[in-house]
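Working notes, structure below.
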Amino acid sequence: MYPSQSRSPCSSRAASRAPSPSLPRAADAARPVPSPSSTLRAPDAARPVPSPSSTLHRQSKDRPQLHPNQQFPSSDTDGSCYTELYPSPQSYVERLWVEEGSAGVDQLRVEDGNVYFSPVVETVSSFRPGRYQSPLMPKENKPLDVSILRRVKELLAEVDPRTAAQHITKADCVVAKILEVTPEVQRMMGVSSGMELLTLPHGQQLRLDLLERFQTMAIMLAVDVLGCTGTTEERAGLLHKIIQIAAELKSNVGNMFGFAAIMRALELPQVSRLEQTWTALRQRHTEGAILYEKTLRPFMKSLNDGRESCPLSSTTFPHVLPLLSLLEKSVAVGDGVEPWETVEAGEQTEVFELFHTDFQMRLLWGSRGAGEVQALRYAKFDQVLTALSNRLEPPVRPR
């Protein structure tokens, strides 16, 4: 025998406010069954369920969870009550939306009286290099535009390493959805931070975007070195500046993601083979050379091998590259304001431009080529880097 009144799959609180329609008892057969819309009164009116029209489209496979001890009628032909296993084609909440004239919208899930939205699965990159506008480049540009490259080198030469590290970190955190995350974006993600999202199945696009940023940052810095056609001492000075930025990211800012990207640029074979440049670095910037060879490189290797870790209290962005590579091949922020969140405006705005992924993609591949397939872009540019490296220091031919 079925109970006199079945419970809604929503919480007991929701059920007490708007009881689910069920099969009437024989004694009550003559009594009309109230429609769902007629049961939705205040106090629900004082706190209405958010209109689904105000949300983005989401996956619609969720069904309300059933209590394991609940029993339901075995069949119903008109869809007005529950079946044995799950609510009939339209759940109670869905029928409410239909009766309110909101059919065909996103499904909701109700637990403990709260309304939950299914997370959105992003399938498009957050980078839009074709639409990106920068004060440092025209609306359309060719790959490796000489005038833009010259300005990039000037800005890198002028900025102090700590300021550059702060700009890089802020840009990293925006891409990773750690900073500038609105409540609407959090609702779409289903979590409060990108640090959580990148570990979840529907966080694939975020993982791909972070890998894109990592590779693009490394390539741009390598181009800055290899495109420096001045004296060997000038290239050594640029290497020294990049090493200083890496040290700031590691020790003072605590951005292991940005640090790994800088180290990747320095360890690219096209850069590491420049023996004359590295020799000049050891001679003219001895402290920088020792810092790189005795501290930064061993630390990076230990970090990748899992033999080194950073205190969470001093980490802004952890070393997630191994996880990203594994999956695709909350960062704890204190109450105070981080130094890289309050970088002064003015001339620093141009410096910040250098570390936008969209800017870097436009610089490296041009306004048209930036939209090509990622693997093709990387393969072509590997050849470009090799040609630039060989032009600076031709390979020694075996005798």
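The values are calculated or read from the model by the stated rules, or taken from the named source; none is laboratory data. Predicted model only: the values in this text are computed from it and were never measured. Reconstructed Cβ throughout: ideal geometry from the backbone, glycine too, with neighbour counts over all protein chains shown. Just the protein is used for accessible areas: all its heavy atoms, side chains included, with ligands, DNA and RNA removed. Shrake-Rupley method; radii C 1.70, N 1.55, O 1.52, S 1.80 Å.
Per-structure values
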quantity	calculated
Complete set of residues in the stretch 153-193 that are touching a helix residue (DSSP H, G or I) at 6+ places or on another chain (Cβ under 6 Å), open to solvent by less than 50 Å² (accessible area, probe 1.4 Å) and assigned to a helix (DSSP H, G or I)	LEU155, PRO161, ALA164, ALA165, GLN166, HIS167, ILE168, THR169, ASP172, VAL175, MET189
The stretch 138-149 residues that are of a type in the set (A, V, I, L, M), paired with ones that are part of a helix (DSSP H, G or I) and at pLDDT 90 or above (beta carbon under 9 Å, 6 or more apart)	LEU144/VAL223; LEU149/VAL223; LEU149/ASP224
The stretch 296-310: number of residues that are at pLDDT 90 or above and open to solvent by 60 Å² or more (accessible area, probe 1.4 Å)	2
Residue match in the stretch 344-355 (condition: aliphatic (A, V, I, L, M) and modelled with pLDDT of 80 or more)	yes
Residue in the stretch 228-279 that is nearest to LEU392 (Cα to Cα), counting only those that are part of a helix (DSSP H, G or I) and of a type in the set (Lys, Arg)	ARG235
Any pair with Cβ under 6 angstrom, 6 or more apart, that starts in the stretch 272-299 at a residue that is under 21 Å from VAL223 (Cα atoms) and among the aromatic types (Phe, Trp, Tyr) and ends at one that is open to solvent by less than 60 Å² (accessible area, probe 1.4 Å) and part of a helix (DSSP H, G or I)	TYR292/ILE243
From GLN270, GLN276, residue being modelled with pLDDT of 90 or more and closer than 28 Å to ARG207 by Cα	GLN270
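Residues are listed down the side, and each one gets a yes or a no for (1) under 22 Å from THR357 (Cα atoms); (2) at pLDDT 95 or above; (3) open to solvent by 30 Å² or more (accessible area, probe 1.4 Å); (4) among the β-branched types (Val, Ile, Thr):
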residue	(1), (2), (3), (4)
GLN215	yes, no, yes, no
VAL223	yes, no, no, yes
CYS228	yes, no, no, no
VAL253	yes, no, no, yes
GLY258	yes, yes, no, no
LEU266	yes, yes, no, no
